[in-house]
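Bear in mind these aren't lab numbers, they're just calculated from the coordinates by the rules spelled out. The structure presented is a predicted model; accordingly, all values stated were derived computationally and were not measured. All Cβ positions, even for glycine, are placed from backbone atoms using ideal geometry, and neighbour counts span all protein chains on display.
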Amino acid sequence: MTAIILDTESSGLDSPRLVEVAWVEVSLQLGTGTRFFQRYNPQKPIELGALATHHIMDEDLVECPPYTDFKLPDGIDYLIGYNIDYDWGVIGQPPVKRICMLALCRYLWPQLDSHSQSAVLYYLNRPKARELLKAAHSAEADVMNCMRILWRVLQVLEPEEKESWEALWRTSEIARIPTVMTFGKHKGTAIKDVPADYKRWLLGQPDVDPYLVKALRGEAA
């Protein structure tokens, strides 16, 4: 089974379209394979918030292929990335399993005051992090930094949690289920201690994160 680490830059938060994408094939033996990098024309204006993040301007993309041209290569079973659901959405939600590095870092190092990819890289490799992050929010640089974090995650996990990509995906699914409320009037409260009436109310709201739903219902991954 094949896994790739993937990162995107997009047109913004409102119905995001692909602007830049990079991916690299990886193995559990810490090897890499095929790499890919390409910019695309989103065929809509780039939001100022996105522009301020990735610095890719509309005029840079005039001659690029349309965002609809991007397709994952055949044979990809697992998509790895930092907050991978966002990137998965930007590329059209292809039918692959997603391994979320953000969730795994929160699972392994809950004591950190920030779990952004840059913050975790500073935690894991402080001497080199500043240099490695000079091109942050370039899809290509972000993929390589995500790979560096993946290798450290694999060193820390128990053998049964990483014996295959499927095992790592299952670990990621467990890590995605929150144990503490991160918003609302019960923010900071362990989910097991949240009042039952609030849980019922929250479960009745639209668009509740499916992993939070599992936590509120006490379901395992």
| message | Spelling out what I want: for every residue of segment 181-195, take phi, set θ = phi - 60°, compute 6.51 cos²θ - 1.76 cosθ + 1.60 (Karplus), and round to whole Hz; glycine and proline get x. | response | 5, 10, 7, x, 6, 10, 3, x, 8, 4, 4, 5, 9, 5, x
| query | Tally Lys/Arg at +1 and Asp/Glu at -1 over every other residue whose Cβ is under 10 Å from the Cβ of Y122; what's the total? | reply | +3
| request: Report the dimensions of segment 78-204 along its three principal axes from the alpha-carbon atoms, largest first, rounded to Å. | output: 48, 33, 33
| field | Table column - 3J(HN,Hα) (Hz), segment 4-21, Karplus curve with 6.51, -1.76, 1.60, x for Gly and Pro | value | 10, 8, 10, 9, 10, 10, 10, 6, x, 8, 8, 6, x, 10, 5, 10, 8, 9
| task | Taking H placed 1.01 Å from N in the peptide plane, check which residues at least 5 places from R17 or on another chain put their amide H under 5 Å from its amide H. | result | S11, G12
| task | Run through the DSSP bridge list for the chain and note the antiparallel percent, rounded to the nearest 5. | result | 60 percent
| How large is the dipole of the chain about the Cα centre if only Lys and Arg carry +1 and Asp and Glu carry -1, each at its Cβ, rounded to the nearest 20 debye? | 800 debye
| request: Calculate one ³J(HN,Hα) per residue across segment 136-151 by plugging θ = phi - 60° into the Karplus curve 6.51 cos²θ - 1.76 cosθ + 1.60, and present them in order as whole Hz with x for glycine and proline. | output: 4, 6, 9, 4, 5, 5, 5, 4, 5, 5, 5, 4, 4, 5, 4, 4
| field | Using a Förster distance of 22 Å, the FRET efficiency for K185-L108 (Cβ separation, nearest 0.05) | value | 0.15
| query | Using a Gaussian network model of the chain with C-alpha springs under 10 Å, which one of V21, V180, V120 is most mobile by mean-square fluctuation? | reply | V180
| Comparing G31, G89, G184, which has the greatest mean-square fluctuation in the GNM of the chain with Cα pairs linked when under 10 Å apart? | G184
| task | Please give every one of the lysines within straight-line cross-link reach of K199, meaning a C-alpha to C-alpha distance under 18 Å, and leave out same-chain neighbours fewer than 8 residues apart. | result | K185, K187, K214
| remark: Neighbour-count ranking for R98, R106, R200 (other C-beta within 10 angstrom, fewest to most) reads R200, R106, R98
| Any idea what % of Cα-Cα pairs in the chain are farther than 22 Å? | 56 percent
| said: Need the full-extension length gain, Y198 to Q43, defined as separation in residues times 0.36 nm minus the C-alpha distance. One decimal, nm. | reply: 51.5 nm
| Order of S138, S27 under a 10 Å beta carbon neighbour criterion, fewest first | S27, S138
